[in-house]
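A short reminder: the numbers here are calculations on the coordinates, not readings from a lab. Just so we're clear, the structure is a prediction, and the values are computed from it rather than from any experiment. So basically every Cβ, Gly included, is an ideal-geometry build from the backbone, and we count neighbours across all protein chains shown.
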Amino acid sequence: MTKGIKKLARVVGGMKNLVFILLAVLWGLTLLLRLFEPLGYLYLALGIVFLIYVVWPLYNSRRLVGYYWQRVKRNRLAVLGLAFILFLILLAVFGPIFTPDPTAANFEQKNLPPVGFTTSESIYNPQTAQFNTRLVNGTREHPLGTDNKGRDLLAMIISGARVSLQVGLLATGIAVALGTLIGVVSAYLGGKMDNILMRLTDIVMTFPFFLLLVFIVFIFGPSLAFIVLIIGLTGWTGVARLIRSEALSLRTREFVLASKALGASDGRIILAHLVPNVISLIIVIATLSIPGVIMAEAALSFIGLGDPAVTSWGMVLRAGQQSLDTSWWVAVAPGAMLFFTVLAFNFVGDGLRDAFDPRSNI
Amino acid sequence: MKEAILKVRNLKTYFFTRRGIVKAVDGISFDLVKGECLCLVGESGCGKTVTALSILGLVDSPPGRVVGGEIFYDSMDLAHCPADQLRHIRGKEIAVVFQDAQSALNPVFTIGDQIVEQIRLHLELSHGEARGRAINLLKEVGIPSPEEAAGYYPHQLSGGMRQRAMIAMSLSCDPRLLIADEPTTAVDVTIKAQIIDVFLRLKKTRKMSLLFITHELGIVSEIGDRIVVMYAGRVVETAPAAELLDNPRHPYTSGLINCLPDIEQKRGRLESIPGNVPSLINPPGGCLFHPRCGRAMAICRKKQPPPVNVKDGHTVFCHLY
């Protein structure tokens, strides 16, 4: 048995690699199981891209990762933000296993306050034509209480975390990938192509994105996949601009000429030389644009144009807003989560930007 | 006479700028014999690098363009060759070493990875084979502990090591012709000597043809078999190395040689050539060197000098002969 493992380890080049590959396979399997969820394929594709272009290179350059971690670590807010994001990811992935169905209504237990809080409930008694007022305590079964349909708020928050992260990561992934490609190609080819691509960017930029979103949801119906695609396909413009300006200065660097002189094709130079050189910028932009996307989805759900099949924070916020006078906690919980999530991503983005900037001495 | 691997005939590369046409290379011709080292010599801005880039079809376009002439590599005309075909020649048949290895290497990849990429671009080798080849190359150019060095990023190496890595990368596909564009300018004197040793050794062991671009005559005397002296985009004199250095005919060439500090001479100012390289947008008529030439005659202002064969293999473009 151990012999077999050792042999396998030698084939893949060391024990560490074997462990890594096993973990990757495990992760891949969990992804496969998710295929039956909405967005499963998109998830799988993104996961593979993530594995090849993020996890593997990071694993291969542990020294560099260690160096940047040292720099990020000095920014306490960024570390706090990172911890919150990790917590959120764990919550989104494993939370649903431990919580009840967020869409299951239970009118027996509606409007329960969170644990440790007490509210009074008035029930109209038609026989005595009077209001009977009684005190209601939060129960441990529903730690964050329930809404006016008796749905468990914790379950809804966890489901919302999942939706927000899905939308945030996927849409940003699409937007950043598209923006990077367009920016780099535009800068590298220059001339006419640059003009065409940048005018296209201008056109997409002038589109009132939110109106477009509302319009498309109105026509095609609200589905999470659609929302992700729309946000992704319209959100790349800023990324393209930033990446282009960075790539413009890279393009004149001699190593581009050198690799051309040694026979590299345009596509190769773009993918193998320019993109890796803007990767730090890409990471920062991506991190800083996730909150905007999460907010956009929340806003859409809040005005009632979100996917009705999934419980998102915006939707809970909407429900809570309607019963703000009787059960404040329904609106507070998703609001606070949105607030902290956006803040966390911003902190992490700022921290990464400072860490990647060789001129900042933090 | 041995066969020429590279024949440049009347090459003209112009840059079309807003201020006018810059004739960076204006009708130069030379032959590079197989297995020899041809040195292109001249001061900054005389069109040496543009010549090299024209050979490889890498002149930035716009604004630059090869407007005339032929570049024969074996029997193929590189000046009129489809881009796709040219790409397969670059790196595989003709490789380049650039001046500043610091900026010519990609900062985000290790030396080994870059060489492996270069090898696999042109040769069908597995990753492992290419890696082995890369390490051998690093050893060949004199990098100590090449296995370790292959894992380094460019910024972790010293200037000399970087330049060697760059040379190793150019050699990776056994090119028949190596163009070295001032490979010793960005390194200090001791490293310079080492880099030249690398080139001399490569020339001997690999029987490679070398087009060596430099402005330093000291290097030329060590490495060159034949010298082409350029001035303002034109060839002024071409001769075998020893002949040219001992017996320069063109006033510009002798001026260049006189500029070298002499170790015997104790005192006195270093000589220099008065004036500057002329504007290439609006060049002087006739011989381009006449405004700076101490021996200029009336005819120099009017007529471009024809080539004169002063000796076997020694050609000079000057009205004096």
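Placing a label point 7 Å from the Cα of B:Cys81 along the Cα-to-Cβ direction, the residues of segment B:108-126 with a backbone N closer than 20 Å are B:118-124.
From the cross-link list B:Lys12/B:Lys34; B:Lys12/B:Lys192; B:Lys48/B:Lys302; B:Lys7/B:Lys311, which pairs have alpha carbons spaced over 28 Å apart?
Values: B:Lys12/B:Lys34 24 Å; B:Lys12/B:Lys192 32 Å; B:Lys48/B:Lys302 26 Å; B:Lys7/B:Lys311 21 Å.
As for pairs spanning more than 28 Å Cα to Cα, those are B:Lys12/B:Lys192.
Basic side chains Lys and Arg get +1 at the Cβ, acidic Asp and Glu get -1 at the Cβ, and with that the dipole of the protein assembly as shown about its Cα centre reaches some 1000 debye.
Each principal axis of the Cα cloud of the protein assembly as shown was evaluated for its coordinate range; sorted largest first, these ranges are 130, 65, 51 Å. Between A:Leu86 and B:His215, the simple label model (points 7 Å from Cα in the Cβ direction) yields a spacing of 5.5 nm.
Note on B:Asp197 and B:Ser158: with the Förster distance fixed at 22 Å, the Cβ-Cβ geometry gives a FRET efficiency of about 0.85. Take each residue of peptide A:262-270, count the partner chain Cβ atoms within 10 Å of its Cβ, and average: the result is 6. Scaling the Cα radius of gyration of segment A:61-174 by the globular reference 2.2 N^0.38 Å produces a ratio of 1.59.
Shown in residue order for segment B:179-191 are the 3J(HN,Hα) couplings computed by the Karplus curve 6.51 cos²θ - 1.76 cosθ + 1.60 at θ = phi - 60°: 9, 10, 9, 6, x, 10, 6, 8, 10, 7, 4, 5, 5 Hz (x for Gly and Pro). Normalised radius of gyration (Cα atoms, divided by 2.2 N^0.38 Å) for segment A:173-255: 1.25.
Of all complete DSSP H helices in chain A, those with a Cα span along the helix axis of 24 Å or greater and a mean Kyte-Doolittle hydropathy of 1.0 or more are A:15-33, A:76-98, A:153-189, A:279-302, A:329-356. A Gaussian network model of chain B, with springs between Cα atoms under 10 Å, assigns the largest mean-square fluctuation among B:Ile273, B:Ile143, B:Ile94 to B:Ile273.
Shown here for segment A:62-146: trypsin sites (Lys or Arg not before Pro) in loop regions (DSSP other than H, G, I, E, B) with at most 10 other Cβ atoms within 10 Å, namely A:Arg140. Listed from fewest to most Cβ neighbours within 10 Å, the set A:Thr201, B:Thr17 follows the order B:Thr17, A:Thr201. Other residues within the sphere of radius under 15 Å centred on the Cβ of A:Gly190, judged by their own Cβ, net out at +2 (K and R +1, D and E -1). Placing a label point 7 Å from the Cα of A:Thr133 along the Cα-to-Cβ line, the residues of segment A:101-124 whose backbone N sits under 17 Å from it are A:118-124. Note on segment B:160-204 and segment A:181-202: Cα centroid distance 37 Å, given to the nearest whole angstrom. Within the listed set A:Gly95, A:Gly304, A:Gly267, the residue fluctuating most in the Gaussian network model of chain A (springs between alpha-carbon atoms under 10 angstrom) is A:Gly267. Applied to segment B:111-128, the Karplus parametrisation 6.51 cos²θ - 1.76 cosθ + 1.60 on θ = phi - 60° returns per-residue 3J(HN,Hα) values of 3, x, 4, 5, 5, 4, 4, 4, 5, 6, 5, 10, 10, 8, 10, 6, 4, x Hz, with x for Gly and Pro.
Computed from phi, the 3J(HN,Hα) profile of segment B:248-261 under the Karplus parametrisation 6.51, -1.76, 1.60 (θ = phi - 60°) reads x, 9, 6, x, 5, 4, 5, x, 4, 5, 5, 5, 5, x Hz, with x in place of Gly and Pro. Its relative contact order, with pairs defined as Cα atoms under 8 Å and 6+ residues apart, puts chain B at 20 percent. Based on alpha-carbon atoms, the Kirkwood radius and the radius of gyration of segment B:105-147 give Rg/Rh equal to 0.96.
Set the Förster radius R0 to 35 Å, insert the Cβ-Cβ distance between B:Leu260 and B:Arg19 as r into 1/(1 + (r/R0)^6), and round the FRET efficiency to 0.05.
0.50
Rg/Rh, computed from the Cα trace of chain A with Rh as the Kirkwood radius, has the value 1.05.
Summarising the label geometry, the points placed 7 Å from Cα in the beta-carbon direction at A:Asp357 and B:Arg269 lie 5.0 nm from one another. Which values of log₁₀ I(q)/I(0), to two decimal places, follow from the Debye formula for segment B:192-321 at q = 0.09, 0.14, 0.17, 0.19 Å⁻¹ with a uniform point scatterer at every Cα? Summing over Cα pairs of segment B:192-321 leads to -0.31, -0.72, -0.99, -1.15. The order of B:Asp312, A:Asp354, going from fewest to most other C-beta atoms within 10 Å of their C-beta, is B:Asp312, A:Asp354.
A cut-off under 15 angstrom between Cβ atoms defines the neighbours of A:Gly150, and their net charge, with Lys, Arg +1 and Asp, Glu -1, is -3. Overall, the ratio between the Cα radius of gyration of chain B and 2.2 N^0.38 Å, rounded to two decimals, is 1.03.
Mind listing the long-range amide H neighbours of B:Gly68? Cut-off is under 5 Å, sequence gap 5 or more, other chains count too, H placed in the peptide plane at 1.01 Å from N. So B:Gly68 has HN proximity to B:Lys12. Using C-alpha pairs below 8 Å separated by at least 6 residues, the relative contact order for segment A:248-362 is 23 percent.
Report the relative contact order of chain A, percent, no decimals, based on alpha-carbon pairs under 8 angstrom and at least 6 residues apart.
20 percent
Using the rule -39500 (n - 2.57) for each DSSP H run of four or more residues, divided by the residues of chain B, the 222 nm mean residue ellipticity is -9500 deg cm²/dmol. Peptide B:103-112 shows a mean partner chain C-beta count of 5 within 10 Å per residue C-beta. Between A:Leu200 and B:Lys302, the modelled label-to-label distance comes to 6.1 nm, taking each label 7 Å out from Cα in the direction of the beta carbon.
Qualifying GluC sites (Glu not before Pro) in segment B:98-176, where qualification requires a DSSP coil assignment and no more than 14 other C-beta atoms within 10 Å, comprise B:Glu124.
Here A:Tyr124 and A:Thr103 are evaluated by their C-beta separation; at R0 = 25 Å the FRET efficiency comes out at 0.35.
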